[in-house]
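What follows is a single structure, written as C-alpha cells, with notes after it.
Read the figures in this text as sums done on the coordinates, not as results from a lab. Quick caveat: nothing in here was measured; it's all calculated off a predicted structure. Positions of Cβ are generated from backbone atoms using ideal geometry, with glycine treated the same way; all protein chains shown enter the neighbour counts.
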Amino acid sequence: MSVAHPEAFRLLVAVPLIVLVLVLNYRAGCKDTARLIGSLHESTVRNLFLVKSFFGGLSFTAFYVLLVVSLAGLSWGLTTVREDRSGLDVVFAVDVSLSMLAEDVQPSRLARSGDLMRAVVQDLAGARFGVVAFTGSATRLLPLTEDQAAIESMLNLVGPELLSTPGTDLERALSAAIESFPSDSDRHRAVVIFSDGEAHSGDESGPAREAAARGIGIFTVTVGTPEGGAVPLLDGGRAFDRDGNPVHSRAEPERLRRTAEVAGGFHLDASEPGVFSRLPDALSAFEGRRDSEGFRTVPVERYRFFLGWALIMLVVHILIRSLRWRRWF
Amino acid sequence: MWVLEQPVALLLLALVPLVIYLRHGAPNRGGRLRFPISVWGGKHFVPRVWSVAFLYRLSILAFWLGVVICIVALASPARVYRERINLTRGMDIVFVLDESPTMAAMDFEPYNRFEAAKRIIRRFVRGRENDAIGIVSFARDAALRVPPTVDHEHLLEELDRLSVMELGDGTAIGLGIALGALHLQSSSAEQRVLILLTDGKNNVSEILPGVAAGVARDLGVRIHTVGIGSQGEIPIEFTDPQTGRTYRGTVSDSYEADALRDLANVTGGNFFEAASLGSLEAVFQTLDTVETVERRARVEVRTESLYRHFIVLGLILIMFDFVVRRMLLRERL
C-alpha cells in the first residue's frame, strides 16, 4: 500500500476542532431544549437529542476523515498498462554545487559522478544520453543524443563553474530532466540524479509523481559519505562560513532514496562496492524487464472507495437529522 | 479533452433531489422544534437581520454544490492527452554552417546571408519532427554547437545564439565536414546526412575538404552542399564579437561551385546554389523532399486524473456550510 499525497493527512488536525464544535453545540442545545420544553418532557427529549447528536456528529466526523483519506490517494494492488517501448533514453542530472567538490569519496564527489556516468555510457550501447546540470537552478547541457563524442566531451566539462546560482534544488533538476525527453519518442526513459542530497530548496515529490505517471524511471545516486568532508573552493582554498569555521558537507541520502522509490527506480550509494556495474545493470534491467513483458505495472488508486463511503456517511448524517426516527422506533 | 472515466457514478446525482427534499422540504421532517411565535392573526416571524438569512441560504447552496462536486469526483474526471509516438527511427542530419565574416553580406534582403540561413534552417527543422538534427559551425575553426538530437526545442535555442565570426576569420570547410562526420560516427540511423552551407573558398589547410569528404563517404555519410551568395559587390556589415567593433564595406568573394559540386558528388549528395532568399528556400524544399524516410507512428492516450481538485473544492464548500451553520448561526443539530 502506498500513499501518493501524505501531506493531505495534515487536514486531520481539524478533527478535534470539529468534535469540539459538535460537543459545544450539543451542550448549548441541551440548555436550549430545557428552556423550550420545560422540565416536563425533559428526559425523553434530551435522550433523543443525545442520540441524534451523537450519531449525527459521528457520521459527519467519519465523512470528514474518509474524504481526507480519499484525498491522500491511497493505492494498493497492481494493474498493468500496455507499454510498447524499446530502446532507452537516459538523462543524467548532475549536482554541480560547490559541496560536490568535497573529497570524502575519491577523487571527489563530482569526479566520481563523472566516472559513474562514463561507466553507464560505455555499458549501454545504443542508448541515448542527455545531461542536465543543477544547483539552485537547472540547465540542459546536452540534449538527448547518440553522439558518443559529444557525450564524452560534455562529461569532461561538467563542473561547478557551469552555474553560479547557489543551493541545491532537486525539484528544478528533476523537472528539467523530465522536459529533456521528447514527448513523441517510443523509447524507455530514465533519469539518473547524482547529488550529495543536501537539498536546500524545492519539493521534488511533484515532478517525481509526474515521472511515475508517465512511466519515467528515476534512479538516484548519493555521492558522499555520512561523515562528510570539507568543501573546497574553485581557487583551491576552502569555504568558510560566517563564523570562520570551514564548511563541512555531509551526504544526506534520505530524500534521494524516497524520490527513487516514488518513480519505481533504485537508489544507490556511490561509495558502495560494485557500484560501477550496479548502476548500468539497474538501468538495463529497467529497460529489459519492460521490453520482455510489453507492459508496465502501476498501482491501483483506491480513492473512490473512500469517497463513496464518505458520501454515504454524509447522507446518513442528513437522514439522522431529517427523519423522525421515533415514528419507527 | 475532459472525460469521466466512471460516468455511472453520475447516476447518484438523481438521488440528490430526494435527499434535498428530505432535508429541506418534507413536512414533519426532524431536526427542528416547532412552536408558535406569532399572535393569532398577526404577522409571521421573519428574521430581521437580512445578512443572517442570506448567509443561511448561501451555506445551504454551498453544501449541496459540494455534494454534487463530490459525486462528480466519484465519476473520475480526467484530462486526456493524445501523444503521437514515432515508431521508426528518423535520419540524422548535421548542418555544417559557415560563420565567417562574409556571411554577414546583405544580399538576402531583408537579411544578411547568415540570418537568412538561420531562418531557413529553423523552418526546415520544424518540418522534420522525427529526425535527429545537429549543428556544426565553422570559420577559422570548427565547433559542435548541437549534437544530433530530436530535442528540437533545444536545437532552435542554440541556433538562435549563433552569430558570425565567433570562430575567427577564415573558411575551414574541411574541418567543418570532418567534425560533422565525426559526430555522426556513433549514429544508429540508416540515413546520415551532412548539409554544408558556405559562401567562401576553403582557405584553412589543416584538413582539406576532399579528404574530409572521403572520410564522410567511408562512414556512409552523404553530403549536400549549398553555395550561398550572389556575384558582384555586396555591402557587408558585422560586429566582431571579441572587440565589439562594427565593420562596414563590400565583398565580392564567392564560393567555388566546382569544388562544392565535387564534394557532393563524391558522397552521393547534391550541390545547390542559392543567390537569393527565394532560391535558398527552394533549395531547402528540395532537400526536404529528397531526404525522406518511411515514418510510422501510433497515438498514445495519456490520462491525468483531476479528482483531487474536485474533492478539495467539495470539501471546502461542505466545511464552509459546517462553519456557517454550526459556529456562526449556532445551529444545534
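Could you tell me the center-to-center distance, by alpha carbons, between the range A:250-329 and the range A:39-76 in angstrom?
30
Can you put A:Met1, B:Met327, B:Met91 in order, fewest other beta carbons within 10 Å first?
By the 10 Å Cβ count, ascending, the order reads A:Met1, B:Met327, B:Met91.
Once Lys and Arg get +1 and Asp and Glu get -1 on their Cβ, which of A:Leu71, A:Leu319, A:Val132 lies farthest toward the positive end of the dipole of chain A?
Toward the positive end, the furthest listed residue is A:Leu319.
Please compute, for peptide A:45-56, the average count of beta-carbon atoms on other protein chains lying within 10 Å of each residue's beta-carbon.
1
Quantify how strongly other chains surround peptide B:182-188 by giving the mean number of their Cβ atoms within 10 Å of each of its Cβ atoms.
Per residue, the number of nearby Cβ atoms from other chains is 5 on average.
Sort the following peptides by mean Cβ neighbour count (other Cβ atoms within 10 Å, averaged over residues), highest first: B:116-126, A:116-126.
The packing order, highest mean first, is B:116-126, A:116-126.
With springs connecting C-alpha atoms under 10 Å apart, model chain B as a Gaussian network and identify which of B:Phe284, B:Phe54, B:Phe95 has the largest mean-square fluctuation.
Evaluated over chain B, the most mobile residue of the options is B:Phe54.
Provide the net charge surrounding A:Leu24, with neighbours chosen by a C-beta distance below 14 Å and charges set as Lys +1, Arg +1, Asp -1, Glu -1.
Net charge in that neighbourhood comes out at +4.
Determine the percent antiparallel among the DSSP beta bridges restricted to the protein assembly as shown, to the nearest 5.
Of those bridges, close to 45 percent are antiparallel.
Which of the DSSP-defined H helices in chain B satisfy a minimum axial length of 15 Å, computed from C-alpha atoms, and a minimum mean Kyte-Doolittle hydropathy of -0.5?
B:50-74, B:257-267, B:277-290, B:307-322
Largest first, please: the extent of the C-alpha atoms of the protein assembly as shown along each principal axis, to the nearest Å.
117, 60, 54
Is there a simple number for the mean count of other chain Cβ atoms within 10 Å of the Cβ of residues in B:18-29, and what is it?
3
Straight distance only, please: which aspartates and glutamates reach the Cα of B:Lys201 with their own Cα at less than 16 Å, same-chain residues fewer than 8 apart left out?
Output for B:Lys201: B:Asp98, B:Glu99, B:Asp141, B:Asp169, B:Asp253, B:Glu256, B:Asp258, B:Asp262, B:Glu273.
Suppose only helical runs count, i.e. DSSP H with n ≥ 4. What mean residue ellipticity at 222 nm does that imply for the protein assembly as shown under -39500 (n - 2.57) per run, divided by all residues and rounded to the nearest 500 deg cm²/dmol?
Mean residue ellipticity at 222 nm (helix-derived): -13000 deg cm²/dmol.
Quote the Stokes-Einstein diffusion coefficient, in whole µm² s⁻¹, for the range A:183-286, based on the Kirkwood radius over alpha carbon pairs, a temperature of 20 °C and a viscosity of 1.002 mPa s.
Value of D from the Cα-based Kirkwood radius: 140 µm²/s.
Quick one: what Rg and Dmax do you get for the range A:84-293 from the alpha carbons, in Å?
Spelled out, the Cα radius of gyration and Dmax of the range A:84-293 are 16.2, 58 Å.
Please work out the Cα convex hull volume for the range A:181-236 and give it in Å³ per residue.
Dividing the Cα hull volume of the range A:181-236 by its residue count gives 137 Å³.
Would you list the membrane-span-like helices of chain A, meaning whole DSSP H runs whose alpha-carbon atoms span at least 30 Å along their axis and whose mean Kyte-Doolittle value is at least 0.0?
Helices meeting the span and hydropathy rule in chain A are A:14-37, A:42-71.
Tell me, Kirkwood radius of the range B:113-155 from alpha-carbon pair distances, in Å?
11.1
Between A:Trp325 and B:Glu153, what is the label-to-label distance in nm when each label sits 7 Å out along the Cα-to-Cβ direction?
5.8
State the Cα centre-to-centre distance between the range A:184-216 and the range B:154-225 in whole Å.
What the calculation gives is 36 Å, centre to centre.
Let's test the formula: R0 of 35 Å, r as the Cβ-Cβ distance of B:Arg140 and A:Ala119. What FRET efficiency results, to the nearest 0.05?
0.40
Sort B:131-141, A:176-186, A:200-210 for me by packing, meaning the mean count of neighbouring Cβ atoms within 10 Å per residue, highest on top.
Answer by packing, highest mean first, reads B:131-141, A:176-186, A:200-210.
Using the 10 angstrom Cβ neighbour count as an exposure proxy, how do A:Lys31, B:Lys201, A:Lys52 rank, fewest first?
By the 10 Å Cβ count, ascending: A:Lys31, B:Lys201, A:Lys52.
Relative to the Cα centre, what is the charge dipole magnitude of the protein assembly as shown, using +1 at the beta carbon of each Lys and Arg, -1 at the beta carbon of each Asp and Glu, and rounding to the nearest 20 debye?
6860
If you average 1/r across every pair of different Cα atoms in the range A:1-143 and take the reciprocal, what Kirkwood value do you get, in Å?
One decimal place: 22.0 Å for the Kirkwood radius.
Counting other beta carbons within 10 Å of each residue's own, what order do B:Leu18, A:Leu314 fall into, fewest first?
Lowest to highest Cβ neighbour count: B:Leu18, A:Leu314.
Taking the range A:31-77, how much of its Cα-Cα pair set, in percent, is spaced more than 13 angstrom apart?
67
What size of dipole, in debye to the nearest 20, comes out for chain A about its Cα centre when the only charges are +1 on Lys and Arg C-beta atoms and -1 on Asp and Glu C-beta atoms?
2900
Given points 7 Å out from each Cα along the Cα-Cβ axis, report the B:Leu87 to B:Val290 separation in nanometres with one decimal.
Simple spin-label model gives 3.1 nm for this pair.
Over the alpha carbons of the range B:88-290, what is the largest minus smallest coordinate on each principal axis, giving the biggest first in Å?
Reported extents, whole Å, longest axis first: 48, 33, 31.
Mean separation of Cα pairs under 8 Å and 6+ residues apart, divided by the residue count of the range B:88-290: what relative contact order is that in percent?
24
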